[in-house]
Amino acid sequence: MRAITLENISKTYYDKSRQLTPVLAINNFDLHIAAGEAVVLLGPSGCGKTTLLRLIAGLEQPDSGRVLYNQTPLDAIPVGERGIGMVFQNYVLIPHWESRRTVGFFLRLRDREDEVPAHVETVAKITGVDIEKLMGRLPRHLSGGEKQRVSIARAFARDLELLLFDEPFANLDAKFRAQARVELKRLIQAFNVTLVYVTHDQVEAMSVADRIVIMKAGQIVQSGTYQALHDEPNSLFVAEFLGRPTINRFWGRVSQGCWDGSYMGRARLPCSHPEGSEVILGIRPMFVRLVAAGEGTPATVERSIPFYAEKYRLLEVWLRKRRWQIQVELADQHAPGDTIHCQLDWDKAQFFDAKTGARIA
Ligand code: ADP
Ligand code: MG
């Protein structure tokens, strides 16, 4: 098992002609990943997730800072001894090699080809299919999902210390994805490997991760368990990124020590931010309740969307030209055009600075 330390890493991409503006993909990044930990990097497209994985793998050199495996700088470890299994989003398999050769490459180089079948069996367990039937085929005779399985098999068929997965299940059928995550989690525990896993799917993040690192523009915004990030986001960015249905936001201003959202039924909540400053109130749709007419704030139903698997219904409502969402029982009968009355569960409201997006305590 191996700990990974990223010390003050920065990475800029320049185009070869040096005519385009350079892209600062990773910006002063510090992260320690404990031996055996499963860390998920989660963030919007372009925030630097793939670049970070490539830096950890030694496929890219940082402009500054360093990567350590345990206490040793990555540069000092020969490539053949790094013990990395990688699955990348668009991993290119060698076109004229059939799968068996691809998967067995590492072990065959070391005269240990007899170990290959056991590794292949391991992967069959993760991906839930009979991978043996793919072993004789060339990449051009494999579907996207099959190529991905072969890549996963190759990642496991070696002396493994560290798994680096970049959206590994993106091309698997939905049916296998859920199963694949559970099996992967079980296997990394059994094999005692460290895992760095990239996804933009928060359900996947939740099921795989010991810890989630939320990234934005090459930096860490916040890291922690899914629950901690979901319940105590440090910013509007994290609050909106995590949790479905998405958190509602209401704009307001601080007046006389209270948040004053005039269109929210003149709600006044104590808020310690400077007088006159603009503050966003965030509240998750599950913390908005329907109440009897005359009790809460009236709003108009625009759409009613059932989520059968998740067992709730989402009402999209309009209130003074703003659209927001309420999570209600699946059996709820409200139709578009109906007037409903609702009340926010004020204890569950969170404040964010409207300019910086930072959470206000
Ligand atoms: P993610 O995986 O989170 O989508 P990437 O690490 O692929 O993000 O990219 C981070 C940023 O760096 C993006 O703005 C991307 O366009 C840029 N980038 C990535 N690879 C290169 C490259 N080889 N040359 C130039 N820019 C790149
Ligand atoms: Mg990527």
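General remarks:
- Matching residues in segment 158-184 - criterion: being acidic (D, E), within 17 Å of the chain's Cα centre (by Cα) and buried (at least 20 other Cβ atoms within 10 Å of the Cβ): D166
- Residues of segment 60-79 that turn out to be within 15 Å of ligand 1 (Cβ to nearest atom) and surrounded by 14 or more Cβ atoms within 10 Å (Cβ to Cβ), as a count: 2
- Filtered residues of segment 225-243 (kept if free of Cβ contacts under 8 Å to residues at least 60 places away in the same chain, buried (at least 18 other Cβ atoms within 10 Å of the Cβ) and of a type in the set (G, A, S)): G243
- Near pairs, Cβ below 8 angstrom, 6+ apart or cross-chain, from segment 29-44 (within 16 Å of ligand 2 (Cβ to nearest atom) and open to solvent by less than 10 Å² (accessible area, probe 1.4 Å)) to any residue that is of a type in the set (S, T, N, Q) and not in a loop (DSSP other than H, G, I, E, B): F29/N8; F29/S10; F29/Q219; V40/T199; L41/T199; L42/T199; L42/Q202
Residue-wise test of (1) within 20 Å of L164 (Cβ to Cβ); (2) open to solvent by 40 Å² or more (accessible area, probe 1.4 Å); (3) within 15 Å of ligand 2 (Cβ to nearest atom); (4) assigned to a loop (DSSP other than H, G, I, E, B).
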| site | (1), (2), (3), (4) |
| --- | --- |
| R2 | yes, no, no, yes |
| K11 | yes, no, yes, no |
| K16 | no, yes, no, yes |
| L24 | no, yes, no, no |
| T50 | yes, yes, yes, no |
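Okay, residues lined up against (1) at pLDDT 95 or above; (2) within 18 Å of V79 (Cα to Cα); (3) of a type in the set (D, E):
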{"position": "P22", "(1), (2), (3)": "no, no, no"}
{"position": "I33", "(1), (2), (3)": "yes, no, no"}
{"position": "L53", "(1), (2), (3)": "yes, yes, no"}
{"position": "I56", "(1), (2), (3)": "yes, yes, no"}
{"position": "P62", "(1), (2), (3)": "yes, yes, no"}
{"position": "V67", "(1), (2), (3)": "yes, yes, no"}
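- Any hit, segment 263-276, residues being outside any loop (DSSP other than H, G, I, E, B) and either at pLDDT 95 or above or of a type in the set (S, T, Y) (or both): no
The values are calculated or read from the model by the stated rules, or taken from the named source; none is laboratory data. Nothing here was measured: the structure is a model prediction, and the numbers come from that model. Using ideal geometry, Cβ is built from the backbone for each residue, glycine included, and neighbour counts are taken over all protein chains shown. We work out accessible area using only protein heavy atoms, side chains counted, and drop any ligands, DNA or RNA first. Shrake-Rupley method; radii C 1.70, N 1.55, O 1.52, S 1.80 Å.
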